[in-house]
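Asker: Below you will find the structure I want to go over with you.
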Amino acid sequence: MSVDDSDQGHAIRTGGQGTRVSGPRVLVAGASIAGPALAHWLRRRGAEVTVVERAPELRPGGQAVDARGVAREVIGRMGLDAAVRAACTDTAGAHTVDADGQVLETFRADDDGGDGFIADIEILRGDLSQVLYDDTRDGVEYVFGDRIAELAQDADGVDVVFAGGNRRRFDLVVGADGPHSELRAMVFGPHERFLRHLGHVLAFYSVPNEFGLDRWLLEYQDQESGRSALLRPVQDATRAMAMFYFASADFDVDHRDVAAQKVLLRERMAGLGWLAPDILAHLDDTPDFYLDQVAQVVMDRWSSGRVGLLGDAAFCSSPMSGQGTGLALVGAYLLAGELAAAGWDPDAGFARYEARMRSFVEANQEIGRLNARSRDVPGPDAEPGPDFAGEWFTELVGRAINGVELPDYAGVPDSAAPAGSPITSSAKP
């Protein structure tokens, strides 16, 4: 593997004899969840993997994400069940409350066999990202503080120019860089072609646990305005994760402009009761603020030649589905498996991956849309909210949680040992 030192985003080989790996060179953009999960499976299938991440290091915190049904099976096949569960939030359940804090409804983590509103496996996005990174960093090249600036593909490979100045060639490139994927825009077209805004905005950030939170999530919903505030426990009992939710059909704040996002949040949450003012008081001193529109990514195809997409970059179902992480984990397993089963032929591998995933994705996106509709503010011309009591919804949930086959890929190479010599990464400041 050719490794360059540049002013930004360089990788350093730290051990071994520099043995050349015989598998294909695969570049993955994004080191949150989908990217490192894909790196795990690509490495086991025999590929030589590089993950590039524009942030200088892994991003901590983030919202709690869930693994239900078939996604739990993927975690088990990765050999990471114990590590993931050790990092879980250990949430016992959830209470919806009124403005005075009186409990209105209760949901428990063991409801529906652990696949309910509070999942059996619930973990902060940053903590799951750390587990996946720790699992792969000794056999995968990670390049932080850099990004893909240009790429050009031909019949045999993809030439990539990095923002830090490096130029390298790969056999395949996969974008796992989120709903605002730069790689998707570069190869498939502008964001507005694929992003579907669901009319709501979500914000979350960590706060001191001065609220007496103890293993139980608390959520307050103001029925008249459609706004909600939420506090959830995390492993560190001195901290809590706060979340705000509000309807907004005219969201036009840049997803990277944090100062403007905080102004917007304060404006939209003004007058909200319960603990909202106390939570907002920590807005300026939180280390991990995030706000974005509730949106989905809808595409006819998730690949173009030797470039493919995975996770939110390809098929974001929105936080309203509760299944974004499950889609990423299952998609990573299937994408690596199908590419390897096709002898790394991109046309055949990408096509089979899409065929296996499409119905699963559509079921989860439908749940996301339905849940967003259920939070729409009632009006004289509003459509009636969805009726979640019908058998049709039970069937839809079943397809969204378990509605995809996980082949064993018995004839495909599978080694849990790192592919090649250990590699670690860093970025120069």
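The values are calculated or read from the model by the stated rules, or taken from the named source; none is laboratory data. Computed from a prediction, not measured in an experiment: that's the story for all the values here. We place every Cβ from the backbone using ideal geometry, glycine too, and count neighbours over all the protein chains shown. SASA here: full protein model, heavy atoms, side chains in, ligands and nucleic acids out. Shrake-Rupley method; radii C 1.70, N 1.55, O 1.52, S 1.80 Å.
Asker: Can you tell me how many residues within segment 95-112 are open to solvent by 60 Å² or more (accessible area, probe 1.4 Å), in a loop (DSSP other than H, G, I, E, B) and under 19 Å from Gly212 (Cα atoms)?
Answerer: The qualifying residues number 2.
Asker: From the list Phe162, Phe204, which residue is open to solvent by less than 20 Å² (accessible area, probe 1.4 Å) and at pLDDT below 95?
Answerer: Of the residues listed, the single one that is open to solvent by less than 20 Å² (accessible area, probe 1.4 Å) and at pLDDT below 95 is Phe204.
Asker: Quick one: what pairs do we get from segment 330-348, first residue touching a residue at least 60 places away in the same chain (Cβ under 8 Å) and surrounded by fewer than 23 Cβ atoms within 10 Å (Cβ to Cβ), second part of a helix (DSSP H, G or I) and of a type in the set (Gly, Ala, Ser), C-beta under 8 Å, 6+ apart or different chains?
Answerer: Ala341/Gly349
Asker: I'm trying to understand the selection: among the residues of segment 253-280, which are basic (Lys, Arg) and under 22 Å from the mean Cα position of the chain (by Cα)?
Answerer: Across segment 253-280, the qualifying residue is only Arg256.
Asker: Output the residues belonging to segment 199-229 that are of a type in the set (A, V, I, L, M) and either without any contact (Cβ under 8 Å) to a residue 24 or more places away in the chain or assigned to a loop (DSSP other than H, G, I, E, B) (or both).
Answerer: Answer for segment 199-229, where residues must be of a type in the set (A, V, I, L, M) and either without any contact (Cβ under 8 Å) to a residue 24 or more places away in the chain or assigned to a loop (DSSP other than H, G, I, E, B) (or both): just Leu213.
Asker: Do you know which of the residues in segment 349-369 that are small (Gly, Ala, Ser) and either at pLDDT below 95 or open to solvent by less than 10 Å² (accessible area, probe 1.4 Å) (or both) is farthest from Gln153 (Cα to Cα)?
Answerer: Step by step, filter segment 349-369, then rank; the result is Gly368.
Asker: In addition: State which residue is farthest from Leu265 (Cα to Cα) when the search covers only segment 186-201 and only residues that are aliphatic (A, V, I, L, M) and open to solvent by 20 Å² or more (accessible area, probe 1.4 Å).
Answerer: Once the filter is applied, the top-ranked residue is Val187.
Asker: Return the residue satisfying two criteria in turn: it lies in segment 32-52 and is under 14 Å from the mean Cα position of the chain (by Cα) and not hydrophobic (A, V, I, L, M, F, W, C), and of such residues it is most open to solvent (accessible area, probe 1.4 Å).
Answerer: Checked segment 32-52; the qualifying residue most open to solvent (accessible area, probe 1.4 Å) is Ser32.
Asker: Mind checking whether some residue in segment 203-224 is farther than 28 Å from Glu150 by Cβ and touching a Pro at 6+ places or on another chain (Cβ under 6 Å)?
Answerer: So far as segment 203-224 goes, yes, one or more of its residues are farther than 28 Å from Glu150 by Cβ and touching a Pro at 6+ places or on another chain (Cβ under 6 Å).
Asker: Quickly run through segment 207-228 and pick out the residues that are surrounded by fewer than 17 Cβ atoms within 10 Å (Cβ to Cβ) and among the hydrophobic types (A, V, I, L, M, F, W, C).
Answerer: Result: Phe211, single match.
Asker: Can you work out which of the residues in segment 283-316 that are modelled with pLDDT under 95 and in a loop (DSSP other than H, G, I, E, B) is surrounded by the fewest Cβ atoms within 10 Å (Cβ to Cβ)?
Answerer: Pro287
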